[in-house]
Structure formats: structure tokens, C-alpha cells
Amino acid sequence: MRRHIPTMWAIPILVVLIMVSSSFSVFANSGDVNASNQSSEPVTRAVAKWTYIVYLNGDNSLSSYTDDDLSEMESGYNNAALNDVNLICLWDKKDSGDTKVINVYHGGYDDISSSAPWWSSEMDMGNPQTLIDFVEWTVENYPAEHYFLDLWDHGGDYDGAMWDDTSGTNLDLPALRTASRTIYNDLGFALDIWGYDACLMDAGADSYQIKLAADIIVASEHTEGGDGWDYNALIGNLTNNPTQTPEQYAYSHVVHVDDEGGRSGIVTMAAINTTKWDYYWIPAYNALAQKLKHKAGTEGTNIQDAFSNAASADSSDWKSGKDVGDIAVQLKSGVTDSDILYWADRLLENSTTSLGAGENTCIINSYDTDTSGKKLTTAETTDTSEINSNFYIFIENQWDEMLNQVYNVKADVNNIEPTVTIDSPSDGAKIPKADGSVTITGTASDSDGTVSGVQIKFDRGDWINVTGTSSWSYTWDLTNVSLGWHHIMVRSYDGTDFSELWPAIDVEVIPNSPPDVNLIYPVGGEILSGDVNIQWNATDADGDPITIDLYYSDDGGSTWNVISTGEANDGSYLWNVSGLGDGVDYIVRINATDTIPQTTTADSGPVSIDNIPDDQWFLQIQTPGIEGYQNLSMEPLELTENTV
């Protein structure tokens, strides 16, 4: 199995996989297979549908299994997908100097190590920087619409994964958080799927460490067999159907992950939508923990019985790790407190794929042949000695405080949770990115005490302290915020509990709207002379100040001349055309510019300029024998149809 035992590294442990879109290379034979060629720096590639990235760590007791799984990848890969699916592996075995970067395809692989500037012949797979360099380089050099990262190795629940025996290191939970957040920040987006082909990695504390960097997490609560995932089936499924969405592939991944073992080698597997897990499951998880804490005395025995009866992640290797969904089921049959029962129901709504699941269920697909379906979502410890205060799920939630109250204090906590609201902006608000920032405001109160703090979080990020308590505010800097929809959640704290409900809104950060401008006069067809009152109407949906620039063309728009620039948006400008020559090809243009700046232009149709009034004529007469012309003054001549 792929369970890491700190004192016995000889027992295999399951590895984590992250899937990424790029070019795919497949390993042909078991054992150390020679590369088909040594490639140079990768050339610019078209964007594939998927890049599947495998962090293939066999620098431990699993070394020989890397050969087996690479053979499965080679067998499963359909070369018809060479332009659609990249399969890139960082492959390390137990010997010194055997690390390779390979591009896998059906029948073999290319050794592309020399094209990776960070590569060395012996990489430390337990160093987070190795994972960071590999993933970021692969995404840059093998771009795709979707990415799957696969962490392949031993796994050990709260001990982390990726043991490198040569270096004596592993990726513990703090290291996984560091690596995942660096990858997210450097890439500017989350990977579509983060998978652990490793034992016991479907644990709440583990997933919480990487949730920012993964839209979907695929992992097992139970230990896995040494051979791990069935790559013949998984890679075959992807290369035969490369247009699958991440949700579709995550679903089918669970279906086919152990085709070779008939779900006997891998007895649990779940694909979890990390966004819904963070937005809906985690608030229910925290609220349930607080309600259990409140009744740790009067319901203490019933609570401990529920924990004891709930399905273990693995009855041999992590007995104290209990499926949180089954804890909720056991609580419903063993306790009487209405608040506990209410939040047990809310947790279950977000933990199942059954017809009774809520619309916000975080489970894309799962199975459990170990306990006949009792394990629903993710495991968490019920042993206070396993709590690590450095794990962010315990820093930001009340599970650890609850366990201490239930098992050590064994007394009720008499406290009414505080409340909190978001008053501005409103749900569904559209926020122009050009505003630079937006102030979020709200209120908080506590009926039996005082509010000691209010926190806010954006999307799947960390909780942030705001300014104020009963009346609070937070200025959200939009500089590095992506366009599109964002989830904003708040909660208050009274020194004992967080608010029972965590209100949330969804807002859309939009590009700044350019001004709207309409030229009212002239519009085309007018005959202009003397003073012309140019008129317009200009507005900006974002409320930005508008500056007006005016131009004219005397050649039908081929060239432009300034009338005036930097004018206030007051709707009119007096233009004197008496100095312009008469003509019929004049066009008037107005530019309305906001503070971004963005400019909107409006042109008139052709207009004429006629500066000689029709009722003024002059007669020039040339007298024979007298050089030149003489102007004769005369009264204006009225022309009629009888005038000759």
C-alpha cells in the first residue's frame, strides 16, 4: 500500500496527481526504459486541450511501481491525441542521479530534461521548490486549456506526502501550502484538478492547505495498493476524449481509477469541487463544530459515541480519522439537540451525490467499497493529540476547539454566537475595475457580549481582519483582481465562537465602460457660417469625469484640424467658422474621454460652410484701354426671374 510510516519507509505510499493540459509523453516498458531521444529547448506549441502533469516520486520503496505505472500510461495513451493532450512527468527513482523530465506517448517517451533549466540529475522531490519549478515550467512550455496535477507517491494524512529517501525530506502540509500558493500566485490561476495518487490524502486539513490552487481535488480517504491508479484506463479515457471538461474528467476519473482492481485495490475515491467545498461545506463544518462544543457536557457521551461509530478513513492506518459526513449521520441517530441536528443536515446536503443532496453539494463523484458507502466526503481526526495548530483548517475553524471541549473539558459552552451583515455593495453588484478599489461595509452584534473582530474572505482565499466591529469596513484593492465574478464572505467573532452564519455576496468586477457620446448639432446636411453652436450629449456609466475634444475635417475625413481640446462636458461650444473657406466636404468630430482613459468618437455627416451671404454681390468691369479692373460701388442687386 502507499501509506507512509515514518519509522518504516519500506511500506509504499500513494502519490498525489495534478492534471494539466499540455503535450503528453508515455513510458513504454517496465524497468528503466531508455528515452527515445534527448530533446532541446521546447519550441512554441499550440494550446492543447489538456496537460497532464505527473510528479512521479519513486525515490523510496515505490521505485519499481513507477515503471509499472509508466507502462500503463504508455499503453493507455492514444497517439491520435498528440496535439490535444500533453503528458509530462518528473520521474525520480531510488538510485542517485536518475531524475528525468519526460514527455510520454504511446510506445515510449522523450527525455526532455535538458530543456528544463531548473533540472538536475538528482532532484529532491520532498522540496516544495522542486514541485513549483516543475509545474510552472510545464504550464509555460506545454500550454493547455486545462491542467491536471498528479502527485504520485506515498501519502500519510496529516504527515503529507512525497517522501524522498535520498534527501530525507517530504512535502508536509505546510510545504504543500507553500508550493500550492506559490504556483497559484505565479501562474495567476488555479489548476483544474489536483490529484493525489497516494494514501489517506482525502483529509480536511490536507485539502484546506491547497484549496486556493485547485478547482477540483481527487483523493482517497483510505490507503491505496502499491500500484495505485489504473493509468491505462485513466490516460486512455482522457486521450480518447480530450474535449472533456474538468468536471467530466474528474467524474470519469473516479469511475475508472481502479478498473484493473475492480475497486478492491483502491476502495475509496472522491472528486471534490473545491469552490463549493470552501463556500458551503466548510461553513457547515465550522457551525456543526461550534454546536457540538456548546453541548460537550450534556450531549458529551452521545457525541463521543457518534465519533466512535463513524466510519474511519482506514481502520488500520488512520482509525482516528473519521469521515465527517458519516459523523453527521451518526449524530443524527444519537443526539437530541436541535442545533446539532440542524447543522448535521446542512453538512450532509453538501456531502453527497444522492437525490437528496443540496444544489451546493461539493461532491462531483465518489465511491466507498470499504464501508459500503458510509464514507461520503472527507476525513478529519477525532483525536486531540493529532491536532496541529499550524494547519490552516484548525487556525480558521473550530474543529480543534470542539475536540478539546468534548474530550478534555467535557462541559457545555454557554455562548450565543455573534451576528454579522454585509450592507454594501449589494449582491450581484457590478464593480468597474477602473475604480481601483471598493469599500465593503456592514455591521456586527453580539446579544450576550461584544464582538471582538470581523473577518472577510474573497473567493477561496484566507480570512482577513477588517476595520471596526459593530460597524465595519474593508477597502478591497482591485489592482490584481481578475475580471469576472467574485465571492465575498464575512463572519464575526466574540472571543469564543464565530457567527453561526457567514453571509456572502457575489459581485462582478467589470472592465471600465467607455463614455457614450451623441453629436446633436451639426449632424450632417447643414450650411454653416459665422458662429456655429456645436451641441452634444456625453455620459459615462461608471460616473467618470469626461473631457471633450473637438475637430473638423475639410476634406471628407482624410485629415483633421483642432477646433478645441480639453473642454468641459457642458454640452455646447461656440465655433466661429468665418475664417474657413467655403466648401461642401466639412465634417465635425467630437471625442469624449474618461479618466482611464477611454475615448468614444462621434462624427457628423458632411456639412457645408458658406461665408458669403446670398444677397451681397460685387460687379467688376474692365474698361477698354485701362489696365486692370475697377470695382464699382452699387446697391445690392435683387435678382428675380425677369432680371437679365
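The values are calculated or read from the model by the stated rules, or taken from the named source; none is laboratory data. Predicted model, so just to flag it, every value in this text is computed and none were measured. Positions of Cβ are generated from backbone atoms using ideal geometry, with glycine treated the same way; all protein chains shown enter the neighbour counts. Accessible surface areas use protein heavy atoms only, side chains included; no ligands, DNA or RNA. Shrake-Rupley method; radii C 1.70, N 1.55, O 1.52, S 1.80 Å.
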Discussion item. Tally up the residues in the stretch 366-420 that are of a type in the set (A, V, I, L, M, F, W, C), more than 24 Å from residue 451 (Cβ to Cβ) and free of Cβ contacts under 8 Å to residues at least 60 places away in the same chain, please.
Written reply: 3
Item to complete: Answer with yes or no whether residue 316 is open to solvent by 60 Å² or more (accessible area, probe 1.4 Å), at pLDDT 95 or above and not in a helix (DSSP H, G or I).
Response: yes
Worksheet item: Does residue 448 satisfy the criteria of being in contact (Cβ under 8 Å) with a residue 24 or more places away in the chain and open to solvent by 60 Å² or more (accessible area, probe 1.4 Å)?
Response: yes
Discussion item. For the stretch 543-552, check the following and say yes or no: at least one residue is among the charged types (D, E, K, R), part of a loop (DSSP other than H, G, I, E, B) and in contact (Cβ under 8 Å) with a residue 40 or more places away in the chain.
Written reply: yes
Discussion item. Can you find, within the stretch 365-398, the residue that is most open to solvent (accessible area, probe 1.4 Å) among those that are under 17 Å from residue 283 (Cβ atoms) and β-branched (Val, Ile, Thr)?
Written reply: 395
Worksheet item: In the list 105, 147, which residue meets the criterion of being within 22 Å of residue 249 (Cβ to Cβ) and open to solvent by 40 Å² or more (accessible area, probe 1.4 Å)?
Response: 105
Worksheet item: All but one of (1) under 23 Å from residue 323 (Cβ atoms); (2) crowded, with 23+ Cβ neighbours inside 10 Å hold for residue 163; which doesn't?
Response: (1)
Discussion item. Any residue at all in the stretch 404-417 that's open to solvent by 60 Å² or more (accessible area, probe 1.4 Å) and within 31 Å of the chain's Cα centre (by Cα)?
Written reply: no
Item to complete: Would you point out the residue of the stretch 109-128, among those that are open to solvent by 30 Å² or more (accessible area, probe 1.4 Å) and of a type in the set (Asp, Glu), that is nearest to residue 97 (Cα to Cα)?
Response: 122
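Considering only the stretch 429-445, state which residues are open to solvent by 50 Å² or more (accessible area, probe 1.4 Å), within 30 Å of residue 595 (Cα to Cα) and assigned to a strand (DSSP E or B).
Result: 430, 437, 439.
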Worksheet item: Within the set of pairs 6+ apart or on separate chains, which have a first residue in the stretch 122-139 that is farther than 18 Å from residue 188 by Cβ and modelled with pLDDT of 95 or more, a second that is polar (S, T, N, Q) and open to solvent by less than 30 Å² (accessible area, probe 1.4 Å), and C-beta atoms under 7 Å apart?
Response: 122/99; 123/99; 123/130; 124/130; 125/57
Worksheet item: Out of all the residues in the stretch 215-225, is one or more open to solvent by less than 10 Å² (accessible area, probe 1.4 Å) and under 12 Å from residue 152 (Cβ atoms)?
Response: yes
Practice prompt. Identify all residues within the stretch 271-281 that are surrounded by 24 or more Cβ atoms within 10 Å (Cβ to Cβ) and assigned to a helix (DSSP H, G or I); write none if there are none.
Written response: 277, 281
